[in-house]
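Derivation of every value follows stated rules applied to the coordinates shown; laboratory data play no part. Please read these numbers as outputs of a predicted model, since none were measured by experiment. Positions of Cβ are generated from backbone atoms using ideal geometry, with glycine treated the same way; all protein chains shown enter the neighbour counts.
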Amino acid sequence: MKKRKAIPDMAFVSLAAAWLFLSAGCASTNDKAILVVSFGTSYNDSRNITIGGIESAIRENFPDYEVRRAFTSQIIIDKLKERDRLEIDNVEEALDRLSEEGYKTVIVQPTHLMHGYEYDDVMADLEKHKSQFKSIALGEPLLASDRDMADVIQTITARTAPYVDGNTAVVFMGHGTEHEANRVYADLQERITAAGYGHYFIGTVEASPDLEDVLGAVKAAGFTRCYLEALMVVAGDHANNDMAGDGEDSWKTAFEAEGMEVHCILEGLGQFHDIQDIYVRHVRTAIGSPS
């Protein structure tokens, strides 16, 4: 058998240079981008499968768009840069970068749960930078419509159905906010109860309904076992510590103190395909209505 002639290293270099040249030429013709904006998390594993999962779903569905990432929490951005040497833009930095690179059409898709303070801040950033682009549009957060609510309820009830029996409650912990958008939690509770899921309870860490409200409701209903899960896009600090931690202030500790058997599910909504599909739908709507 004849041996194949080795290709000189310089040939590889020339081929690589040609590929890079062609790639650069192709990239320069693309002037459309989707900026996926998240609060952010320092929990790498959760970030990769939740925020990363949403970004991947958007990338797969909109191959003609460059997909970029930005975080709204500067604390998280600074922590990741110092701890992991991972540099992530905030929203203004990401928009400036897209402008400098020649992008003309930008869709900004937040992964936030509601129209709260973080969403308001993203809107303000877009207003300041809109003159840099030919068109720019902002997608809706996760829970923005009746259809969104129904889809989220279907997803979380289908996923947790195996845990349910006559003695088990399923408790979801949201973040909560002083913003008027906090009403989304009560709205979701009303809808899930009206749909016949009387063993599902929704509370928040920093607003109403709080831990005391939810714990009281679960006790009054006579449940002896509960599953705790985060109603958040990522399973980050709140899920790992405020919900599932062993500290005296955690939800797990509080439910166990009432004699209940407690199981914690450390999963973020963003890792589930049905939730990712909602964000994809919001991107598609935003593409159809650029400002």
Mind checking the dipole of segment 146-269: about its Cα centre, +1 per Lys or Arg Cβ, -1 per Asp or Glu Cβ, Debye to the nearest 20? 520
Please report how many Lys pairs in the chain have alpha carbons closer than 25 angstrom, counting only residues at least 8 apart along the chain or sitting on separate chains. 8
Once you have the Kirkwood Rh of the chain from its Cα pairs, apply Stokes-Einstein at 10 °C and 1.306 mPa s and quote D in µm²/s. 76
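In what sequence do Ile51, Ile153 fall when counting other Cβ within 10 Å, fewest first?
Result, fewest neighbours first: Ile153, Ile51.
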Dipole magnitude of the chain, debye to nearest 20 (Cβ charges: Lys/Arg +1, Asp/Glu -1, about Cα centre): 1900
Could you line up Ser56, Ser289 from fewest to most neighbouring Cβ atoms inside 10 Å? Ser289, Ser56
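Report the local net charge at Tyr227: Lys and Arg +1, Asp and Glu -1, summed over other residues whose C-beta lies under 12 Å from its C-beta.
Working: positive: Arg159, Arg225, Lys252; negative: Asp165, Glu229, Glu261, Glu267.
Here the count lands on -1.
I need the semi-axes of the equivalent ellipsoid of segment 146-269: take the C-alpha gyration tensor, multiply each eigenvalue by 5, square-root it, list largest first in whole angstrom. Don't skip to the answer; put the middle values down first.
Numbers: eigenvalues 77, 60, 38 Å².
Taking √(5λ) for each Cα gyration eigenvalue gives 20, 17, 14 Å.
Determine the dipole magnitude for segment 146-205: charges of +1 sit on the beta-carbon of Lys and Arg, -1 on that of Asp and Glu, nothing else is charged, the reference point is the Cα centre, and the result goes in debye to the nearest 20. Write down the numbers at each step before the final one.
Values: 4 positive and 8 negative charges, 36 e Å.
The calculation lands at about 180 debye.
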